[in-house]
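Scroll down for the structure; my scribbles are underneath it.
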Amino acid sequence: MEIASKYNPAEVEEKWYKYWMDNKLFHSKPDDREPFTIVIPPPNVTGVLHMGHMLNNTIQDVLVRRARMQGKNACWVPGTDHASIATEAKVVDRLASRGVKKSDLSREEFLEHAWDWTREHGGIILEQLKKLGASCDWDRTAFTMDETRSESVLKVFRDLHEKGLIYRGVRMVNWDPKALTALSDEEVIHKEVNGKLYYLKYKVEGDPDGTYALVATTRPETIMGDTAMCIHPDDPKNAHLKGKKVIVPLVGRAIPVIEDDYVDIEFGTGCLKVTPAHDANDYVLGEKYNLSSIDIFNDDGTLNEHGIHYAGMDRFEVRKQIEKDLEAAGLLEKTEPYTNNVGFSERTDAIIEPKLSMQWFLKMDGLAQPATEAVENNTIRFHPEKYKNMYRHWMENIKDWCISRQLWWGHRIPAYFLPKGGYVVALTPEEALEKAKAKVDYPITMDDLKQDEDVLDTWFSSWLWPLSVFDGINRPDNEEINYYYPTNDLVTAPEIIFFWVARMIMAGYEYRGEPAFRNVYFTGIVRDKLGRKMSKSLGNSPDPIELMEKYGADGVRMGMLLTSPAGNDLPFDKSVCEQGRNFNNKIWNAFRLIKGWKTDDSISQPETAAIAVEWFQNKLSETVAEVDDLFSKYRLSEALMVLYKFFWDEFSAWYLEMIKPDYQQPIDTQTYEATLGFFDALMRLLHPFMPFITEELWQALYPRGKGESIMTVLQPGADKVDKKLLGDFETLKEVVSGVRTVRLEKNIPNKEKLELHVTGGHNDRFNSVIAKMCQLSSILSVSEKQPGAAGFFAGTTEYSVPLEDKVDKEAELEKLRTELGYAEGFLQSVLKKLSNERFVQNAKPEIVENERKKQADAESKIAQLKESIAALEL
């Protein structure tokens, strides 16, 4: 196979991805091998690839490719998520740009537009993942709203309802006034907001003196919904209000004063306005004291008919206006700057409105228990482990999950309301009619049934993903679910640990009695050089496709992985991709060097090459064992760094230099074959990280058959390691580096042969290697160093290079005298410090000790320089 002079990633990547696809090398079906399964965190169906996807999917691909090369039946299931809120918002925006309102359309008409949008934009991100090298089994591509997944979702809803775990009721929910839907607690992001604390006067009813209670609130626009005032029963400053009624400012309605120890005596004035319809804590008080609830808001955040003359105005416009009106009426005592935590919609960034609403809920307590235990006892392992605490805290304080959304795009809730009250839950209208007939004692037809308008939370389909992709809900005993489940590894972001990870674990135990996966690898956040999260709005996120076009997919993969230890944020800079591209070029050039050598069967293997081969074989085994250990701990970034250094340093800088034949001379066949074998092993080790270049070069190493691929050959195994040999070789490296430093410092050309003198213990076994690497004429054992020789230590042994006529005597003397002058000046500055009694007495002991070490080092250096000068002056 002809190998190009330069590596061209675009050409190589397209060629081999097509080859892998054509030969169905990503495809998996159950057999007698050990399965290894990963399900992709399904990206939004209309999404495009961003840097977070790049990192997440690169890690998944590394794990899958490595498992495949360990002889496992690796199955990576791809797919996309219908993303109710995000997709519906995009469809609404597109319709608006065409002058069409959602309210002008029937549900069926709107859904046609949504499906058109999905077909138009859906799947783009999956095609982009192919450019990254993702080795997914594309034949298995799933969509959370395809037929199999939809049927699974509806069956689970029906099952949990029949178990009494799903219920319907009016509860305080998080309402998104922009998306016009309820949200779960996990979909609310809390941010600190600088606002005001308003002190309002609530006059005491029937008090001739006009006394009033002072209430501090951050939300004066909700006073129209007040149905009580609450004080602490033990608060002396408000004891005069007990049993009284107060008048709501501007509204003129009298409300009772109630007493409860929920009130914080120290906050504000100790008087709390109670608005049960618009505050979660007030709602609890309302339930406890049987207070009425007055909902003053429309779904879009404007005030309704209960908002008196503010009806139709936006809630925040009302806040500005009511401040002026309260002041004009003498009912606002003062305002103060105040910072508080405000909930925002994770999807639309609208400020959440607590709202009483009829919704569907899933009871979580029972589902959470086995899922909590599984992580606690390490049945499911988190990498890194620090996320266990966050998980435990959330699970121990879990609330029922609001699973209904007031949207049209999604899985419509399979509940059918009956004409005279009540409802049935059924998968189809036909089943609903049968259930209805069994439930009521009056005649009923299909037309009498009205299906719930709401859809299920998107996460209600995502939590079933590891089960539904293998059709484990509809066909719980099918071959695939029994073979591939539980899955092995999940790679995801910590911000969806509650949305998705915890719920998948719960679903796994509820429907299989098993964990959904064995390991969870949490990625960090990709940040820019300034530490900011990469985002479209900041304009600081590079286009991953452009990066791959510039640096190659392998270069980008490697650059990202080198800087992303599990759970830690990735400080991304394009220079890491450049480092990845440079490594590709290094590998390419090493291959071209080796393949450029001619072999000669008549040449016997030189001693230097025999030593090099034995050393590298041991070093390879040591590295394989280290990489295996790092993978077992999910330290992928460190594993790649080990291989990067191993190829760059041990293989290229040392091994190839040791075996390299003289210019235009052939190499012996034995060494050449061993070298090809080592290169093959290196390609296999690097393949999970850098799939394209390794396939290209592995194919070019030897003639390969049709359909053969590096993907399906086994990873190298670790043999027994000769630790003594490796230790001795490190000493050899020190000697070679020492001689090379002498050459560099004395400007001695590489072609000029040198002598090396040894004073002390030395292992002669490697002399041939040292001589070759250092261009030595001889290595001699001497009792003491020659005057004027340049010396260095390797361990406790002194080595020296006699210089004699190798250097310009006068130039070397001038250089040494300059160095001596500098060293003596440095010593004087250190001695001056140490002669200062105040410094010695007051400075930290370690600082004084460091100065004494500087003194000793400088004195030793001065003695060495004086000795060298004296030898040259002879």
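The values are calculated or read from the model by the stated rules, or taken from the named source; none is laboratory data. A quick note: this is a predicted structure, and the numbers were derived from the prediction, not measured. Positions of Cβ are generated from backbone atoms using ideal geometry, with glycine treated the same way; all protein chains shown enter the neighbour counts. To get the accessible areas, we keep the full protein, side chains included, count just its heavy atoms, and leave off ligands, DNA and RNA. Shrake-Rupley method; radii C 1.70, N 1.55, O 1.52, S 1.80 Å.
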Completion exercise
note: the range 746-851, Cα-Cα separations exceeding 21 Å make up a percent value of 56
Fill in the blank from the handout: Distance in nm between residue 482 and residue 280 label points, each 7 Å along Cα→Cβ, equals 4.5
Practice task
Keeping all protein chains in place, calculate the accessible area per residue for the chain (probe 1.4 angstrom), answer in Å².
Solution key: 46
Problem - Highest to lowest packing among 462-469, 638-645, 502-509, scored as the average C-beta count within 10 Å - result: 462-469, 502-509, 638-645
Fill in the blank from the handout: Calc'd 3J(HN,Hα), the range 86-93, phi into Karplus 6.51 cos²θ - 1.76 cosθ + 1.60 (θ = phi - 60°), Hz, glycine/Pro = x, comes to 5, 5, 4, 4, 5, 5, 4, 4
Handout entry: Over the range 468-576: Rg over Rh, Cα atoms, Kirkwood Rh
Key = 1.11
Fill in the blank from the handout: Residue by residue through the range 827-832, the couplings from Karplus 6.51 cos²θ - 1.76 cosθ + 1.60 with θ = phi - 60°, in Hz, x for Gly and Pro, are 4, 4, 5, 5, 4, 4
Exercise for the section: Quote the relative contact order of the range 107-245 in percent (integer), defining contacts as alpha-carbon pairs under 8 Å separated by 6+ residues. Expected result: 10
Completion exercise
Of all DSSP beta bridges having both residues in the chain, the percent classed as antiparallel (nearest 5) is 70
Exercise for the section: Give the relative contact order (percent, whole number) for the range 492-634; include only Cα pairs under 8 Å separated by 6+ residues. Expected result: 19
Problem - Spacing of the two label points (7 Å from each Cα toward its C-beta) at residue 311 and residue 719, in nm - result: 9.0
Completion exercise
Residues whose modelled amide H sits under 5 Å from the amide H of residue 514, counting only those 5 or more places away in sequence or on another chain, are 509
Fill in the blank from the handout: In units of 2.2 N^0.38 Å, the Cα radius of gyration of the range 1-134 is 1.39
Problem - Directionally averaged projected area (convex hull, Cα atoms, the range 32-82), nm² - result: 3.7
Exercise for the section: For the chain, with all protein chains present and a 1.4 Å probe, just round the carbon and sulfur fraction of the accessible area to a whole percent. Expected result: 49
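Starting from the Cα-Cα distance between residue 652 and residue 775, subtract it from 0.36 nm times their residue separation and give me the gain in nm to one decimal.
Residue separation times 0.36 nm, minus the Cα-Cα distance, leaves 42.4 nm.
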Handout entry: Karplus (6.51, -1.76, 1.60) ³J(HN,Hα), θ = phi - 60°, over the range 483-499, in Hz, Gly and Pro reported as x
Key = 8, 8, 10, x, 6, 8, 10, 10, 10, 7, 9, x, 5, 10, 4, 8, 3
Handout entry: Cα-based convex hull, the range 380-495, per residue volume (Å³, whole number)
Key = 165
Handout entry: Kirkwood Rh, angstrom, the range 695-785 [1 / mean 1/r, Cα pairs]
Key = 16.9
Completion exercise
Amide H proximity to residue 228 below 5 Å, modelled H, separation 5+ or other chain, gives 274
Exercise for the section: Would you mind checking the tilt of helix 107-121 against the longest principal axis of the Cα atoms of the chain, expressed as 0 to 90 degrees and rounded to 10? Expected result: 10
Fill in the blank from the handout: For the range 412-453, shape from the Cα gyration tensor axes a ≥ b ≥ c, cut at a/c of 1.5 then a/b versus b/c, turns out prolate
Problem - Cα centroid separation, the range 180-236 to the range 855-874 (Å) - result: 83
Fill in the blank from the handout: Computed over the chain: longest principal axis from alpha-carbon atoms vs helix 636-645 long axis, angle to nearest 10 degrees, is 20
Exercise for the section: Decide, for the range 451-527, between rounded, prolate and oblate: order the square roots of the alpha carbon gyration tensor eigenvalues as a ≥ b ≥ c, take rounded if a/c falls under 1.5, and otherwise choose prolate if a/b is larger than b/c, else oblate. Expected result: oblate
Completion exercise
Over the Cα atoms of the chain the radius of gyration and the largest Cα-Cα distance (Dmax), both in Å, equal 37.3, 124
Handout entry: Relative packing of 362-372, 740-750, which averages over residues the other C-beta atoms within 10 Å, highest first
Key = 362-372, 740-750
Practice task
Could you tell me how many degrees, from 0 to 90 and to the nearest 10, lie between the Cα long axis of helix 691-701 and the main elongation axis, the longest principal axis, of the Cα atoms of the chain?
Solution key: 30
Exercise for the section: Place the peptides 840-848, 715-723 in order of packing, highest mean first, counting for every residue the other Cβ atoms within 10 Å and averaging per peptide. Expected result: 715-723, 840-848
Completion exercise
Over 22 Å (Cα to Cα) among 355/439; 102/399; 785/806 -> 355/439; 102/399
Exercise for the section: Please tell me the relative contact order of the chain in percent, rounded to the nearest whole number, where contacts are Cα pairs under 8 Å and at least six residues apart. Expected result: 13
Exercise for the section: Show which lysines lie in cross-link reach of residue 833 when reach means a straight Cα distance below 23 angstrom and same-chain residues fewer than eight apart are skipped. Expected result: 844, 853, 854, 861
